Amino acid sequence: MTVLVFGKSGQVARALARMGATCVGRETLDLAAPEQVGKLIAQVAPKAVINAAAYTAVDKAEEEEALATRINGEAPGLMAAACAAQDIPFVHISTDYVFDGSGAVAWTPDAPVGPLGAYGRSKLAGEVAVRAAGGRAVILRTAAVFSADGANFVKTMLRLGADRDALNVVADQVTGPTPADAIAAACLEIADQLTDAGKAGTYHFSGEPHVSWADFARAVFAASGQDVTVTDIPSSAYPTPAKRPSNSRLDCATLVDTFGITPPAWQPALTRVVAEVLEASA
């Protein structure tokens, strides 16, 4: 039977497609008008549904919060409701941006939420809607996704590093860079294990070790061989329309305990991804 994935062009969706899932994009169903979500799920009758689609323009969401909330909030709720009605396992990918980024301790799944901006609020609305729908659903929060596909920090650094010998990168934001293919594999494994409804709930999955964006940039250039000097700067020196959380550390212990899925080490994946990007651009 089919694993149905909402999302087609994003990093995790592309990884899921390579793993054999059936991915649907905007040309099939525009999640800005998600009323037909349930009908599509009923037509496909999949063995599991994964939502890898999202409005991810963090800064633009400050001006388009209503649109972001339809895609990130309303649509996942409709997916979850349709899956619950048909007893289909549902995995919804969420984000570290539901937290306020305070402190230096890794966030547990039950930690108090407090998004700093519109994107985080829209993703939190999706979490609330998925929980309200019930059923065999898992919310999987992740952070700093990277791959050779789409747009991400690693590809941005490689592009900038090709033209510059020095860059300023924020050093007071700490995260757990996460390979997209590891997220995809985790989603499929979770869906398989959701025959046990007792495993439904909210979990975290992000790469280890935790690292600042500046140090992650240095790792990118070390892997690529580009001679780029990275200077640490505070977030205040790089203002953006949406405030980013300073602490995006995620505690993944409950995912390990419940599903036996361990956080991925990001360094080997980074080496592979950098090689793929450089080969594609050669």
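The values are calculated or read from the model by the stated rules, or taken from the named source; none is laboratory data. Small disclaimer: the values here were computed from a predicted structure and weren't measured. Positions of Cβ are backbone-derived with ideal geometry, glycine not excepted, and every protein chain shown enters the neighbour counts. When the accessible area is computed, the model is the full protein with side chains, heavy atoms only, and any ligands, DNA or RNA have been set aside. Shrake-Rupley method; radii C 1.70, N 1.55, O 1.52, S 1.80 Å.
Using the heavy atoms of the protein chains alone and a 1.4 angstrom probe, what is the accessible area of the chain per residue in square angstrom?
Roughly 43 Å² per residue, with all protein chains present.
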For the chain, size of Cβ-based charge dipole, Lys and Arg +1, Asp and Glu -1, in debye
400 debye
Calc'd 3J(HN,Hα), the range 260-270, phi into Karplus 6.51 cos²θ - 1.76 cosθ + 1.60 (θ = phi - 60°), Hz, glycine/Pro = x, comes to x, 9, 9, x, x, 7, 7, 4, x, 5, 4
Phi angles of the range 180-196, converted by Karplus (6.51 cos²θ - 1.76 cosθ + 1.60, θ = phi - 60°) into ³J(HN,Hα) in whole Hz with x for Gly and Pro, give 4, 5, 5, 4, 4, 5, 5, 4, 5, 5, 4, 4, 4, 7, 7, 4, 8
Any chance you could check the Cα centroid distance between the range 234-282 and the range 52-113 for me, in angstrom?
17 Å
Of the trypsin sites (Lys or Arg not before Pro) in the range 20-82, which ones lie in a loop per DSSP and count no more than 13 other C-beta atoms within 10 Å?
Arg26, Lys47
If one takes the longest principal axis of the Cα atoms in the chain, at what angle in degrees, from 0 to 90 and to the nearest 10, does the Cα axis of helix 213-224 lie?
80 degrees
Share of carbon and sulfur in the accessible heavy-atom surface of the range 135-267 [1.4 Å probe, %]:
49 percent
Taking every DSSP beta bridge that has both residues in the chain, what percent is antiparallel when rounded to the nearest 5?
5 percent
Provide the per-residue ³J(HN,Hα) series for the range 35-43, in order, calculated from phi with Karplus coefficients 6.51, -1.76, 1.60 and θ = phi - 60°, each as a whole number of Hz, with x at glycine and proline positions.
4, 8, 4, x, 5, 5, 4, 5, 5
Long-range amide H contacts for Thr202: which residues qualify at under 5 Å (H placed 1.01 Å from N, peptide plane, sequence gap of 5 or more or a different chain)?
Ile139
Pairs of lysines 8 or more apart, or on different chains, with alpha carbons under 22 Å: count those in the chain, would you?
13
So, R0 is 35 Å and r is the distance between the beta-carbons of Asp163 and Ala32; what FRET efficiency does that work out to, to 0.05?
0.50
Long-range amide H partners of Val5, meaning residues 5 or more apart or on another chain whose placed amide H is closer than 5 Å, are Thr22, Cys23, Val24, Ile50
Amide H contacts of Glu208 (H built 1.01 Å from N, under 5 Å, at least 5 apart or other chain):
Ala265, Trp266
With a ≥ b ≥ c from the Cα gyration tensor eigenvalues, square-rooted, and the rule rounded for a/c under 1.5, otherwise prolate when a/b > b/c and oblate otherwise, the range 180-282 is oblate
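Antiparallel DSSP bridges in the range 1-136: what percent, to the nearest 5?
0 percent
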